[in-house]
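Below: the structure, in structure tokens.
The values are calculated or read from the model by the stated rules, or taken from the named source; none is laboratory data. From a predicted model like this one, the values you see are computed outputs, not experimental measurements. Every residue, glycine among them, receives a Cβ derived from its backbone with ideal geometry; neighbour counts consider all protein chains shown.
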Amino acid sequence: MVPILVIGGLVLIYISSYVLNKRTPAPANGSFEIDTATCNACSNFTCSHKGDE
Amino acid sequence: MSFTVFATAIISAMLINNVILMQFLGICPFLGVSKKSSSAIGMSAAVLFVMVIASAVTYTIYDLVLYEFDIAYISTIAFILVIASLVQFVEMVIKKYSKPLYKSLGIYLPLITTNCAILGVAEGNISGIWTSSMPYFEGLFLAVSTAVGTGLGFGLIIFAFSSIRERLDSSDVPKSWKGVPISLVVAGLMSLAFAGLVGII
């Protein structure tokens, strides 16, 4: 029973942190000063981080 | 707990047991976010930040909850959830209170959730440092020291590698070797060089 409670509690913490993070507004003019991170480590073209060669 | 212990843990984790070149963890950001030095610095700062906090939290959870209730076998899944939650909390706090930090680290924080170097350090702290007889704060100090050293080692290697890649981009490399192939050769040579540091402590 204890492992289920611990895992369940951690899942709840994760869900609440995710929701709180999504509800927190980004700073005004919050565009990133640096280039978008892209990855070319694999050939998975469906990956959202896949960059141009 | 002394400065010697702190310095030894940092140098050992940074140079001798380097997380990328000796343990082969965090290879995806090492290859994927090392095209430019600015990206490498941002990523390594974010990794150091999260790694130190994650190490302290996971060590505490293991010592005070998982070991106490004899459920250490769920440590991996618990650590994954802790790290994922921590990244969300850190992003939220940075978003709310530090605009400059959010602008420089924000894009890398979600990537850290899937960085196995963070989980590797958390697991390594348990398998390598934690013992049932060790006082809590002594173990926590060692775990955090190791995390600082590992994060610095990650930053050192990814910055050095990105600098080399920037120079390689403007070098006369044969077409078939351009990009990832020559980068992998460089990574292998760097790994061999760092293997020479084994045994200095």
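Elements of the type helices (runs of 4 or more DSSP H) sitting completely within region B:104-201 and holding at least 3 residues that are within 28 Å of B:Tyr67 (Cβ to Cβ): these cover B:116-128, B:136-169.
In region B:131-145, the residue that is farthest from B:Ala54 (Cα to Cα) out of those that are of a type in the set (A, V, I, L, M, F, W, C) and over 19 Å from the mean Cα position of the chain (by Cα) is B:Met134. Of note, B:Ala56 does not satisfy the criterion of being modelled with pLDDT of 90 or more, aliphatic (A, V, I, L, M) and surrounded by 22 or more Cβ atoms within 10 Å (Cβ to Cβ). Say we look at region B:30-49 and pick out the residues that are among the small types (Gly, Ala, Ser) and at the interface with another protein chain (Cβ under 7 Å from one of its Cβ atoms); which of these is surrounded by the fewest Cβ atoms within 10 Å (Cβ to Cβ)? Residue satisfying both the conditions and the ranking: B:Ser38.
When each of B:Val52, B:Val82 is tested for being of a type outside the set (Asp, Glu), in contact with a Ser or Thr (Cβ under 8 Å, 6 or more places away or on another chain) and in a helix (DSSP H, G or I), the lone residue that passes is B:Val82. The residue that is surrounded by the fewest Cβ atoms within 10 Å (Cβ to Cβ), counting only those in region A:16-38 that are of a type in the set (Gly, Ala, Ser) and at pLDDT 90 or above, is A:Ser16.
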